[in-house]
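The values are calculated or read from the model by the stated rules, or taken from the named source; none is laboratory data. In this text, all values refer to a predicted model and were calculated from it rather than measured experimentally. Neighbour counts are summed over all protein chains in view; Cβ atoms, including those assigned to glycine, are modelled from backbone coordinates with ideal geometry.
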Amino acid sequence: MLNQGIGSWPKRRARRTPDRIAVVHEERTWTYRELHERVLRLAHALRALGTGHGDRVAYLGPNHPAFLETLFATGAIGAVFVPLNARLAAPELAYNLSDSGSTVLVHAPEQAEAARTAAERSGVRERVVLEGDGPPDAVGQARDGALRYEDLLARGGTGPLDEAVRPDDPCMIMYTSGTTGRPKGAVLSHANIIWNSVNVLVDTDLSGDEVTLISAPLFHTAGLNMTCLPTLLKGGRVVLLGAFDPDHVLRVIESRRVTYMFAVPTMYDAMAAAPRWADTDLSSLRSLVCGGAPVPARTIDTYLARGLAFSQGYGMTEASPGVLYLDREQAAAKAGSAGVPHFFTDARVVLPDGGDATPGQSGEVLVHGPNVMTGYWGRPRDTEAAFTGDNWLRTGDVARTDTDGFAYIVDRVKDMFVSGGENVYPAEVENALLGHPAVAECAVVGVADAVWGEVGHAVVVLKPGAAADEAGILAHVRGALAKYKVPKSVAFAESLPRTASGKVAKPSLRAAYAHSGARPGARPATHS
């Protein structure tokens, strides 16, 4: 085949295992032959819409077979896939669409309003909706002007299609927020995705009879690249859930005989707290992968009591995402560790002078390997800053290693914190807060939370003579930011602590508000 990218996977799988079930969603199943046929139709349909090599096609919605069909069809014609976070607000979506230059947007019906608004503010020329809100017109359009997904497939051809796609061609642009407050699009090549999948196959021993539950969102790199795509590459079966509900997840594990799944710690804790936990048959499970944060000891013990052990990992979107991996045999002995580098990936812990840290010393994690991104979309300066002179990716995270080479993530160079498995970048939240007419200065830090691990806490300095309260401040940002980014509490201060260089001293704020349950200053305040 001329196509050496992941867009050729459905065709390659259809010729090897055509009758195996590839995808399960709700009560429907698709074999690899059926998946290939639908991907081929969609690829022809996208071409008919004027989409070609290098063009960007975006997808917005919860987990659904159409997500995978759009990804593979886009790859089949050499275009670039742009998965969008379904939790983002319309202004955030519009920015990602504009920045990527996406011309086609496929979206779920529940995202119709946000998709329509975002498309109008960007360069999207065609919207494709998975379901319409009434009968289509003569050309298959939904009432709001969007094309209907199934109608588009019905009109798509089934003739041979083999676009020349090289491994180093861009496959997808995955957006990750940065310290500048604006998201950056990490460009992942087909080779990046392929090598990450190979790492997973080697390090987790995935089998062709794998039944993989996908309850984490596919628009996140872990849900897509650490579980779903490696399973499909191996010829296993993926079971897609549109949303995470712990009780429903347990029912699906039992009924579908799930063998492999990924989740963040809060999801695993919710499953263990669900009413069905004690009586659910979990004997089919072979691998439980956890990421987003270290697995708490109490969670490890709870699952060990059911005969289940975790494998853990550390990664980032820019590495497709696998960097470090701790297999289940080491989960108890190396509790708290993120593991060692994936098989075809290398990682170093370096000191500020660039020298390698010795065991016990803290330093920044650097990554090198075929799974590391090619760069940030349209951001050559950010790309250059992300890599060292000898092409190692700077993660911005601090770790130490033990004498066995196992790494422990201990701090962050950047101020990002993780809330319920979602990365939250304070600069982006601070930009939204500064849009409030009463806010002169602000800073956002992550504080401990029993449910989400960390949540945002905003410290606000008001303009002279201005008045505001917590409710008004939070209401201002709710329409501009995804819900998980909105701070859970606000404190009002006369000033922000600063370093000698004038930068806000975030460590001082984190220390001052580490126990923010009292939430000092949350009452209405006036800065005079």
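Of the residues making up segment 456-472, those that are surrounded by fewer than 21 Cβ atoms within 10 Å (Cβ to Cβ) and either in contact with a Leu (Cβ under 7 Å, 6 or more places away or on another chain) or hydrophobic (A, V, I, L, M, F, W, C) (or both) are Val461, Ala466, Ala467, Ala471. Output the residues belonging to segment 201-243 that are of a type in the set (Val, Ile, Thr), within 19 Å of Phe344 (Cβ to Cβ) and over 13 Å from the mean Cα position of the chain (by Cα). Passing the criteria: Val202, Thr204, Thr231. Candidates are the residues of segment 392-427 that are at positive phi and not in a strand (DSSP E or B); the one that is modelled with the lowest pLDDT is Gly421.
Mind checking which residues of segment 429-456 are closer than 21 Å to Val418 by Cβ and assigned to a strand (DSSP E or B)? Across segment 429-456, the qualifying residues are Cys442, Ala443, Val444, Val445, Gly446, Val447, Ala448, Asp449, Gly453, Glu454, Val455, Gly456. Inside segment 457-469, residues that are closer than 15 Å to Ala440 by Cα and either in a strand (DSSP E or B) or without any contact (Cβ under 8 Å) to a residue 60 or more places away in the chain (or both) make up a count of 9. Checked against (1) in contact (Cβ under 8 Å) with a residue 60 or more places away in the chain; (2) of a type outside the set (Val, Ile, Thr); (3) over 20 Å from Pro507 (Cα atoms), Ala432 passes all but a single condition, namely (1). Of the residues contained in segment 84-107, none is found to be more than 20 Å from Gly378 (Cα to Cα), over 23 Å from the mean Cα position of the chain (by Cα) and assigned to a helix (DSSP H, G or I).
I want to confirm something. Restricting to segment 277-316 and keeping residues that are surrounded by 15 or more Cβ atoms within 10 Å (Cβ to Cβ) and of a type in the set (S, T, N, Q), which single residue is modelled with the lowest pLDDT? Selected residue: Thr299.
Restricting to strands (runs of 3 or more DSSP E) lying wholly in segment 180-241: which have 3 or more residues that are modelled with pLDDT under 95 and of a type in the set (D, E, K, R)?
none
Within segment 1-57, the set of residues being hydrophobic (A, V, I, L, M, F, W, C), touching a residue at least 60 places away in the same chain (Cβ under 8 Å) and not in a helix (DSSP H, G or I) comprises Met1, Leu2, Ile21, Ala22, Val23, Val24, Leu49.
Of all residues in segment 193-221, those satisfying the criterion of being buried (at least 24 other Cβ atoms within 10 Å of the Cβ) and small (Gly, Ala, Ser) are Ser197, Ser215, Ala216.
For segment 449-472, how many residues meet the condition of being over 22 Å from the mean Cα position of the chain (by Cα) and under 30 Å from Pro296 (Cα atoms)? So the answer is 4.
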